[in-house]
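Taken together, the values in this text are just the output of simple stated rules run on the coordinates, not laboratory data. Being a predicted model, the structure only gives us computed values, none of them experimental. With ideal geometry, Cβ positions are generated from the backbone for all residues, glycine too; neighbour counts draw on all protein chains shown.
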2 protein chains.
Amino acid sequence: MALLNSLVNGEVVSEISITDRGLNYGDGLFETILLVNQQVIFWEQHYQRLLTGCDVLAIQCPTESYLKENINKLVQLTADVTPAIIKIIVTRGNSERGYYCTENTAPNVIISLSTYPGYLMDYWNSGINVKSCNTPLSSQPRLAGIKHLNRLEQVIARQEWQDEYQEGIMSDMVGNIIEGVMSNIFIVKQGGVTTPLVDNAGVNGVMRNIILKLCEAHGIMAIKDKISYQALKEADEVFFTNSIIGIWPVREIDWQFDSQTCLPGPVTKKIMQILTEEHSIDYATFGL
Amino acid sequence: MALLNSLVNGEVVSEISITDRGLNYGDGLFETILLVNQQVIFWEQHYQRLLTGCDVLAIQCPTESYLKENINKLVQLTADVTPAIIKIIVTRGNSERGYYCTENTAPNVIISLSTYPGYLMDYWNSGINVKSCNTPLSSQPRLAGIKHLNRLEQVIARQEWQDEYQEGIMSDMVGNIIEGVMSNIFIVKQGGVTTPLVDNAGVNGVMRNIILKLCEAHGIMAIKDKISYQALKEADEVFFTNSIIGIWPVREIDWQFDSQTCLPGPVTKKIMQILTEEHSIDYATFGL
């Protein structure tokens, strides 16, 4: 996950002003994007979510051509690394102290390129061990769905384990399953898949939507709905998704007082195969 | 509110690494402290809250002597400005991409000195106009009370007005009054004062606790309790507090469909007098 190169507002630097509102208030958005053979994967979907987030927060979104140009510049600086991770941070920009900020503030755009994380290739094939997190997600319809920079809930949830698990399950205050700490969750029941609504909490993941569309196109029933603790416990299969990992099937969930064995099942495997083939991305070969 | 000088980890610079976790996740805390005649006001209380916040987030808190030494350095660079604002940001430090971070990461400590905000002196004497904000506060007991860097709710609440109000009232999702956008709120009823609990949302303000103690010492009944919308509407007097403004009495609250006239009342004025005299700080003279 080492940072290899970065651009701040188009310059090859790795520092930002301490008056930046991303630092002071988490006043901004980010996207984490897979780069394979110098190709940005699912660019259109990432840019659309960034646009939506900027709209919600009333931040000036950089143009698509500006971002593409800068990503190309960064990729050329780091041409031999594949797969890799592009992270874009867009903050509201620099301002004086205080929550108020004038509407015409120029955003700060930070684009960085890092090595692929040290995940094991085995996670794709054999599945992962998952912890049910004690840290709940708060509900905030005004900020749900977008990938903003207020991520303390994820930070403290991730503190609940070291390396004995590969992901954690987060629920809202009333026990609805919402997402993984760094991913979205899907459950499989009777051949159909369900992923939680992200209207009150959670991130509207790019890979989540890719999977929903692929299922629809291939005759697998896929819906967005509330998922209770009980529904997850009774699921036939469970898997996590994000732009970097693609899909990780769940092998076992640690529920603190008991555990649930899932094993990567046939529906999950079918969706993994469809994802790999339709988009010609071989997630199984990423990682160590 | 112009930034005059800053120190990052003891160096006179004004930039920070883009790998800082405050920028990436809002993974840190801050304190905003009044400086009068080169004296840091209520230092002990600010440092105690910072310690509490670092404890909650498991961030290594800088020692008191380290912070004092750096603040002194900053004050010497800017000796002729009074009153002024010291802002301390402590983040978990720099890390690789991802929510996980090793426990022994060195924090980043950013200390800045800014001019006093452009508030009118008249706010202290004549009171302020206040908006009831539409943006609700989410409930998160794990993060309530501490002054962390996840402040998007305050940012979007502050977007609800330009300069027609001086503060906004924020409530939780079920209508309990919690705080001002940048301050704590107190209501006065039958000679006693009440300020909302901050166990589920809100910041445990330094000035809030100063006021509670002053009231206790001077025989004014002061409690922390739930405050409903109705209780606020029926209050005799309303005031806001923070470390920078001291106390602002409320003149009028805009409730969208009607408005509530409060006028600075006798109990508020009494507490303002006690605050000024006991701590020898003449808040009435700050601002324009």
Would you mind ranking A:Glu31, B:Glu96, A:Glu216 by Cβ crowding within 10 Å, fewest neighbours first?
A:Glu216, B:Glu96, A:Glu31
Charge tally in the Cβ shell below 10 Å around B:Tyr47, where Lys, Arg are +1 and Asp, Glu are -1, B:Tyr47 excluded
-1
For chain B, take the longest principal axis of its alpha carbons; what is the angle in degrees between that and the long axis of helix B:43-57, to the nearest 10 within 0 to 90?
70
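From other protein chains only, count the Cβ atoms within 10 Å of every residue's Cβ in B:256-268, then give the mean.
0
Of B:Ile71, B:Ile223, how do they rank once you tally other Cβ atoms within 10 Å and put the fewest first?
Values: B:Ile71 20, B:Ile223 12.
Fewest-to-most Cβ neighbours within 10 Å comes out as B:Ile223, B:Ile71.
How charged is the neighbourhood of B:Ile71? Take every other residue with its Cβ under 13 Å from the Cβ of B:Ile71, and add Lys/Arg as +1 and Asp/Glu as -1.
Result for the neighbourhood of B:Ile71: 0.
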Using a Gaussian network model of chain B whose springs link C-alpha atoms within less than 10 Å, name the residue from B:Ile178, B:Ile247, B:Ile156 with the highest mean-square fluctuation.
B:Ile156
Mean other chain Cβ within 10 Å across A:141-148 is 3
With Cα springs under 10 Å, the Gaussian network model of chain B assigns the largest mean-square fluctuation among B:Asp20, B:Asp236, B:Asp55 to B:Asp55
Taking the Cα centre of the protein assembly as shown as origin, work out the dipole magnitude from +1 charges on Lys and Arg Cβ and -1 charges on Asp and Glu Cβ, in debye rounded to 20.
240
For A:Asn104, which inter-copy label distances result when the label point lies 7 Å beyond Cα on the Cα-to-Cβ vector, reported in nm to one decimal and in ascending order?
5.2
Go ahead and set up a Gaussian network model of chain B, Cα springs under 10 Å, then flag whichever of B:Ala84, B:Ala231, B:Ala217 fluctuates most.
B:Ala217
Treating the angle as unsigned and between 0 and 90°, give the value, to the nearest 10°, between the Cα long axis of helix B:206-217 and the longest Cα principal axis of chain B.
50
List the extent of the Cα atoms of the range A:229-272 along each of their three principal axes, largest first, rounded to whole Å.
31, 21, 15
³J(HN,Hα) computed for each position of the range B:181-197 - Karplus, 6.51 cos²θ - 1.76 cosθ + 1.60, integer Hz, glycine/proline x:
4, 10, 7, 9, 10, 10, 10, 10, 9, 6, x, x, 10, 9, 10, x, 4
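Just tell me how shielded A:99-109 is by partners: mean number of partner chain Cβ atoms within 10 Å of each residue's Cβ, no decimals. Don't jump to the answer; show the numbers that get you there.
Values: counts 12, 10, 3, 1, 2, 0, 0, 0, 0, 2, 0.
Per-residue shielding by partner chains comes out at 3.
How big is the Rg/Rh ratio for the range A:198-288, C-alpha atoms only, Rh by Kirkwood, two decimals? Show your work: numbers first, answer last.
Working: Rg = 13.9 Å, Rh = 14.4 Å.
Rg/Rh: 0.96.
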222 nm mean residue ellipticity, helices alone, for chain B (DSSP H n ≥ 4; -39,500 (n - 2.57); rounded to 500)
-7500 deg cm²/dmol
One decimal, nm, nearest first: from B:Leu263 to the same residue in each other copy, label points 7 Å out along Cα→Cβ, the values are 7.9
Per chain A: cysteines with no other Cys C-beta under 4.7 angstrom?
A:Cys101, A:Cys133, A:Cys215, A:Cys262
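Let me check I've understood the local charge: for B:Gly180, count other residues with C-beta under 11 angstrom from its C-beta, Lys and Arg +1, Asp and Glu -1. What total comes out? Intermediate results must be reported in sequence, preceding the final value.
Details: positive: B:Lys131, B:Arg158, B:Arg208; negative: B:Glu167, B:Glu179.
Within the 11 Å Cβ shell, the charges total +1.
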Can you give me the angle between helix B:266-279 and the longest principal axis of chain B, using Cα atoms only, in degrees from 0 to 90, rounded to the nearest 10?
30
Filter B:Lys147/B:Lys213; A:Lys131/B:Lys226; A:Lys131/A:Lys269 down to the pairs with a C-alpha to C-alpha distance above 31 Å, please.
A:Lys131/B:Lys226
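Give, rounded to the nearest 20 debye, the magnitude of the charge dipole that chain A has about its Cα centre when Lys and Arg contribute +1 at Cβ and Asp and Glu contribute -1 at Cβ.
On the way: 21 positive and 32 negative charges, 64 e Å.
That gives a dipole near 300 debye.
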With unit charges on the beta carbons (Lys and Arg positive, Asp and Glu negative) and the dipole taken about the Cα centre of the protein assembly as shown, which residue among A:Ile223, A:Ser114, A:Gln159 sits farthest to the positive side?
A:Ile223
Run the label-point distances for B:Gly118 please: 7 Å along Cα to Cβ, every other copy, nanometres, shortest first.
5.1
